[in-house]
Structure formats: C-alpha cells, structure tokens
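Each remark here refers to the structure printed beneath this line.
The values are calculated or read from the model by the stated rules, or taken from the named source; none is laboratory data. Bear in mind the structure is a predicted one, so any value in this text is a computation, not a measurement. Reconstructed Cβ throughout: ideal geometry from the backbone, glycine too, with neighbour counts over all protein chains shown. These area figures cover heavy atoms from the full protein model, side chains too; ligands, DNA and RNA do not enter into them. Shrake-Rupley method; radii C 1.70, N 1.55, O 1.52, S 1.80 Å.
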Amino acid sequence: MKSTGMVRRIDNLGRIVLPIELRRVLELEKDSALEIFIEGNQVILKKYEPSCIFCGEAKDVESYKGRNICAKCRKAISAL
C-alpha cells in the first residue's frame, strides 16, 4: 500500500473529505460511486466499476434483469 501523506479527520456526522488532488488522480467526479472494503483494521475505498456476476470482468458489462454480465459470458450463455 502506498502512503499519500494526506490525513483527514472524520466530522461529527462521520464524513471525510477526499482531497481534490486524490479525486483528480483517481478520476472521481461529483457523484462518483465508491465501494467500501474492510481488511483487518483498514478501510479501503475503491472506485466502483460494475463487474460481471459470473467472471468478475469490468469491461463490456451490461445490465440484464438487474444483473451485470460481460460480453464474453453473454456469448458463452447464448451458445448453450
């Protein structure tokens, strides 16, 4: 894990502000979605990218009946 040297406090509503430099580097725009993970005593924020429910691929993903599926898996399923 790489340290940024940035430290932010949690406000009384439990919020933190991500510095503009970090948002620019990660290409996080207003209303961007973040996934929240916990690993040991660490909280990990990850830019949300919808992924395929079958293989986990994040490219060429489309929603079908409320589920995300990639082009490869769509092709494999249609060949059945």
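Counting helices only, and only those DSSP H runs with n ≥ 4, report the 222 nm mean residue ellipticity of the chain as the sum of -39,500 (n - 2.57) divided by its residues, in deg cm²/dmol to the nearest 500.
Numbers: 2 runs with 14 residues, N = 80.
Computed ellipticity for the chain at 222 nm equals -4500 deg cm²/dmol.
If you keep only loop residues by DSSP, which GluC sites (Glu not before Pro) in the range 1-64 have at most 13 other Cβ atoms within 10 Å of their Cβ?
Answer by residue number: Glu27, Glu29.
Would you rank Ile36, Ile53 by solvent-accessible area, highest first, keeping every protein chain in place and using a 1.4 Å probe?
Of Ile36, Ile53, the descending order of accessible area is Ile36, Ile53.
If exposed means no more than 14 neighbouring beta carbons inside 10 Å and the site is in a DSSP loop, what's the longest run of the chain without any exposed trypsin sites (Lys or Arg not before Pro)?
It works out to 31-58.
How much solvent-accessible surface does Phe37 expose, in Å² to the nearest 10, with a 1.4 Å probe and all protein chains in place?
We get 90 Å² for Phe37.
Arrange the residues Leu13, Leu34, Leu28 by how much accessible surface each exposes, largest first, with a 1.4 angstrom probe.
Leu13, Leu34, Leu28
Computed over the Cα atoms of the chain, what is the convex hull's projected area averaged over all directions, in nm²?
Result: a mean projected hull area of 8.0 nm².
Kindly report the accessible area of the chain per residue (heavy atoms of protein chains, probe 1.4 Å, no ligands, DNA or RNA), in Å².
Value returned for the chain: 94 Å² of accessible area per residue.
Please arrange Ser32, Ser3 by accessible surface area, largest first, computed with a 1.4 Å probe and ligands excluded.
Listed by decreasing accessible area, they come as Ser3, Ser32.
Ignoring ligands, DNA and RNA, please state the percent of accessible area on the chain from carbon and sulfur, probe 1.4 Å.
So the carbon and sulfur contribution to the accessible surface is 54 percent.
Taking the Cα centre of each part, how many Å lie between the range 1-35 and the range 40-63?
19 Å
Calculate the radius of gyration of the Cα atoms of the range 1-47 to one decimal place, then report Dmax, the largest Cα-Cα distance, as a whole number, both in Å.
Looking at the range 1-47, its Cα Rg and Dmax stand at 11.5, 29 Å.
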